[in-house]
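Here's the structure we're looking at; comments come further down.
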Amino acid sequence: MWKTKLSIFFNFLYNFRRLSLLSILLVVALLSFGIKNFKFDASSDTLVLENDTLFEQYEQTNEKFGESEFLVVAVDNEGSEFNYKFLEKISNLQEKLGALPEVTNALSILDAPLLQQPRVPLLKTDNNIKYFLKDDLNLSSSLDELINSPIFSNLIVNDAGNVFAIQLNLDEEYEFGAAVKRIRSTINDWDGVAYLAGPAMIVEDTINYIKSDVVIFGFVTFIIFSFLLFLFLKDFWATSVVMINSSLVLSSSMGLLGIFDWPISIVSSNFLALLLITSIAVSVHIIVKLQSVKNTRTNHIDAISEIIIPCLYTALTTIVGFGALMFSGIKPVIDFGKMMMIGVAVNFIISFVFIPTCIFFRPFVLARGDRLENFLFQFYLKTKSLLPTNPLTLILLALPIFLYLSTNLKVENKFIDYFQKDTEIYKGMSLIDGELGGTSPIDITLTIPEEGSDFDEYDLFFSEGSSVPEYWWKKDNMDVLKSIQENLNKLDGVGKVLSIANGIQLAEELNNYNELGDLELVFIKNTLLDSETASELIDSYITSDDREVRIGLRVKDSTDNLSREKLIKNIYKIVDEETANSNYSYQISGLGILYNNLLQSLFSSQIKSLIFVFGAIFFMLLMLFRNILRSFFILLIPAFSVSAILSIMSIMAIPLDIMTITIASISVGMSVDYSIHFAWRYIKEKMKNQKKNATSEAFSLSEKNTFELTGKAIFITGFTIILGFLILILSNFNPTILFGILSALAILISMKMTFIVMPRMLDLTIK
């Protein structure tokens, strides 16, 4: 019945082929108008889960204390003398940077108050603050003061006094990309050695590398695909149809994303590559099938009607696989799942309208027996003798081993490892990590309950032993803050830790290293912090009602063997222990927290989704092949492939990151694709001969026919895509390089398992 309906549809395409071609091109053209709205988005909004409390905390922290994200310009004095000439150069650069519309504040050593030039008692410091370039100072001793300052050491100057920082705060109303470009341009025009780093630059460079790889390698890959397909298909018209079809699929899908306002995020950055793979795979299977029949209308329609069934099931299994991502609870992953579902559906529809219409205008060259087909079959025969009679045992033994090895996989996100060592951002992050306290921020917010926290100005007249309301300008609370910071500083990978406690430590040094009591703390709060400079420093670390304080922590990404997940757990442990016997509440936030949470959640959700996907695929295989044992054997191929590639990653200590985390999906998708197409043809050929009571020679011919038709299509797509992925090793973005290598390996494993093991296992189901 379905054959009749398909025949009617494809006969319609034949009779109205001009109208059909114009219609599909018109639809694609209309959809393509949405490409103008197609965009990449690497903002913090793309790193959140559904109902993400961590993201809410992140936004709350930014709202209370201002944006915690920053950029750092590291100025290397290159061993030159620290003098007024050098200070004027810094002043010139800082002035230019501060004048940029995206920059709200620029802080350097020129803004650092010098409180010991000469040293004066604490109570008199409010009228004796000096600054570089504003006062006549001993430069050497002034620099030493900052080097040893609890606040400014390893923040704006390193311990050796030869690397200086200009910290830039950005206006959240502007795009980070525009800010980074302007700042880079300003630095490049400056007469000196300077590097730029910080969260905004990490985000900007990551998305720029991804964009560049999509454009440059997409174009190169397109050319390579065209050349290889022509080499294999031996028909310029057929090759052109495949590549045009892929272009139509990509442009339509990109247009739909633009229409729906679904930007590509870091998580979904592989969308276009995966869609290109899918489109080429479907196209080649159709083309190879059409090349195998004589050029008649009936033959063409029959061939298309036959090949559409396995293609439909591979499309449905792919849609189901990506549809499972919608239950992950991760916003960017859900969006990625929707994108791929739409893309695969678009690919199926366009391919089975455009390609048949093209063949009705001009048939493809009838394929003859060639070296490739003979090579594939001979390869199978040689490997067949090397395998045990029943390879099922081998697979069932290998699977648990692979799964066990996969348990050692790590999910990591050291940002510095994303970039090549010769890139500007790598050099900047290395310098700032090593000399200036780190580039990746984590914020800890501590809150005192509102009850009893109101400050009364009459408290100034209380004695030391009087009852003072609980607010942060109280010795007991400040001691807790100091203790937290001391413990945080002991953690591997932690650079600069900063809060109002650093200012209190400086005040105690001015107070002859005596601890400050409640009244002295109140004095500092009401007197010393009235200055504009002090307010700029303090407002980012305590709210106006004195109830909430922020501890700003910077992570050194370049730390050897740094585990961000372990570091975050240790931070939580320290704060938990320090606040256990108090009524404080706290929350920890930052882009690093969001990103780590995204990767960890993505990993755990992928495990769950893979279980669902395998179950759904098994059900669809049952619908297609109507045999439980046969469906199970076919499912073993993708299970083996995905576990093999994950175990290889584990053995080679390759962590799962923003790009490699999709390898499992690629491995499953390609394995299922190959398995369904091969099994469909192989069983069809075998059953045909079985009904005829054919000899062993006839069954061997069935195997040969399968390899000549379906095996050829699988090899062409697999080999072409493998080479396309290997082009990515030329990228400057390490996740892209690993993605290319691992994807190529995953496809190679899937293809070999299909060719070598699949026939032997299917034979067990054919009596």
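The values are calculated or read from the model by the stated rules, or taken from the named source; none is laboratory data. Because the structure is predicted, anything quoted here is derived from the model rather than measured. Cβ sites come from the backbone with ideal geometry, for glycine too, and all protein chains shown count toward neighbours.
Here are a few things to note about the model shown:
- Qualifying residue in the stretch 612-632 (condition: at pLDDT below 90, of a type outside the set (D, E) and within 24 Å of the chain's Cα centre (by Cα)): yes
- Taken together, L397, L403 contain a single residue that is out of contact with any helix residue (DSSP H, G or I) (no Cβ under 8 Å at 6 or more places or on another chain) and at pLDDT 85 or above, which is L397.
- For the stretch 590-609, residues that are buried (at least 20 other Cβ atoms within 10 Å of the Cβ) and closer than 13 Å to F322 by Cα total 2.
- Verdict on I551 being assigned by TED's automatic domain parsing to the domain that holds K475, under 19 Å from L446 (Cβ atoms), modelled with pLDDT of 85 or more and β-branched (V, I, T): yes
- Residue in the stretch 232-246 that is part of a helix (DSSP H, G or I), under 24 Å from L730 (Cα atoms) and either within 23 Å of the chain's Cα centre (by Cα) or touching a residue at least 40 places away in the same chain (Cβ under 8 Å) (or both) present: no
- Selection count, the stretch 483-530, where residues are part of a helix (DSSP H, G or I) and aromatic (F, W, Y): 1
- Checklist (1) assigned to a helix (DSSP H, G or I); (2) out of contact with any Lys or Arg (no Cβ under 9 Å at 6 or more places or on another chain) applied to T357, failing item: (2)
One line per residue, one yes/no per condition, for (1) closer than 23 Å to I676 by Cα; (2) in a helix (DSSP H, G or I); (3) touching a Pro at 6+ places or on another chain (Cβ under 8 Å); (4) of a type in the set (D, E, K, R):
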site: E306; (1), (2), (3), (4): yes, yes, no, yes
site: P310; (1), (2), (3), (4): yes, yes, no, no
site: T314; (1), (2), (3), (4): yes, yes, no, no
site: V320; (1), (2), (3), (4): yes, yes, no, no
site: M326; (1), (2), (3), (4): no, yes, no, no
site: D335; (1), (2), (3), (4): no, yes, no, yes
site: K338; (1), (2), (3), (4): no, yes, no, yes
site: I342; (1), (2), (3), (4): yes, yes, no, no
site: A345; (1), (2), (3), (4): yes, yes, no, no
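- Every pair of residues 6+ apart whose Cβ atoms lie under 9 Å, when the first sits in the stretch 750-767 and is among the polar types (S, T, N, Q) while the second is part of a helix (DSSP H, G or I) and surrounded by fewer than 22 Cβ atoms within 10 Å (Cβ to Cβ): T765/F625; T765/L629; T765/R630; T765/I683
- Only listed residue being assigned to a helix (DSSP H, G or I), at pLDDT 80 or above and within 23 Å of I223 (Cα to Cα), chosen from I722, I683: I722
- Residue within the stretch 647-665 that is touching a Ser or Thr at 6+ places or on another chain (Cβ under 8 Å), surrounded by fewer than 22 Cβ atoms within 10 Å (Cβ to Cβ) and under 24 Å from I210 (Cβ atoms) present: yes
- Of the listed requirements (1) within 20 Å of I307 (Cα to Cα); (2) touching a helix residue (DSSP H, G or I) at 6+ places or on another chain (Cβ under 8 Å); (3) not aromatic (F, W, Y), S647 misses just one: (1).
- Exclusive hit being more than 30 Å from A200 (Cα to Cα) and modelled with pLDDT of 85 or more, set K124, K85: K85
- Considering residues of the stretch 78-99 that are in a helix (DSSP H, G or I) and out of contact with any Leu (no Cβ under 9 Å at 6 or more places or on another chain) only, the residue surrounded by the fewest Cβ atoms within 10 Å (Cβ to Cβ): K85
- Residue in the stretch 301-316 that is of a type in the set (G, A, S), free of Cβ contacts under 8 Å to residues at least 60 places away in the same chain and under 16 Å from F10 (Cβ atoms) present: yes
- Entry remark, the stretch 418-440: residues being under 17 Å from the mean Cα position of the chain (by Cα) and surrounded by 16 or more Cβ atoms within 10 Å (Cβ to Cβ) number 3 in total.
- Meets criteria (among the β-branched types (V, I, T), surrounded by fewer than 24 Cβ atoms within 10 Å (Cβ to Cβ) and modelled with pLDDT under 90) for T298: yes
- Taking the criterion of being β-branched (V, I, T), modelled with pLDDT of 90 or more and touching a helix residue (DSSP H, G or I) at 6+ places or on another chain (Cβ under 7 Å), the residues of the stretch 331-360 that qualify are I342, V344, V346, I350, V353, I355, T357, I359.
- Taken residue by residue, the stretch 489-509 has at least one member that is loosely packed, with under 13 Cβ neighbours inside 10 Å, assigned by TED's automatic domain parsing to the domain that holds K566, within 35 Å of the chain's Cα centre (by Cα) and modelled with pLDDT of 80 or more.
- Test: residue in the stretch 576-588 that is β-branched (V, I, T) and over 23 Å from the mean Cα position of the chain (by Cα): yes
- Restricting attention to the stretch 268-298, the residues being touching a strand residue (DSSP E or B) at 6+ places or on another chain (Cβ under 8 Å) and either charged (D, E, K, R) or not in a helix (DSSP H, G or I) (or both) number 1.
- Single residue of the stretch 651-671 satisfying the filter (part of a helix (DSSP H, G or I) and more than 19 Å from the chain's Cα centre (by Cα)) that is nearest to E412 (Cα to Cα): I651
- When L228, L274 are checked against the criterion of being buried (at least 17 other Cβ atoms within 10 Å of the Cβ), farther than 26 Å from L325 by Cβ and either in contact (Cβ under 8 Å) with a residue 40 or more places away in the chain or not assigned by TED's automatic domain parsing to the domain that holds F733 (or both), L228 stands alone in meeting it.
- Any hit, the stretch 180-188, residues being more than 23 Å from M659 (Cα to Cα), without any contact (Cβ under 8 Å) to a residue 12 or more places away in the chain and touching a helix residue (DSSP H, G or I) at 6+ places or on another chain (Cβ under 7 Å): no
- Elements of the type helices (runs of 4 or more DSSP H) sitting completely within the stretch 102-215 and holding at least 1 residues that are among the aliphatic types (A, V, I, L, M) and surrounded by fewer than 17 Cβ atoms within 10 Å (Cβ to Cβ): these cover 139-147, 176-188.
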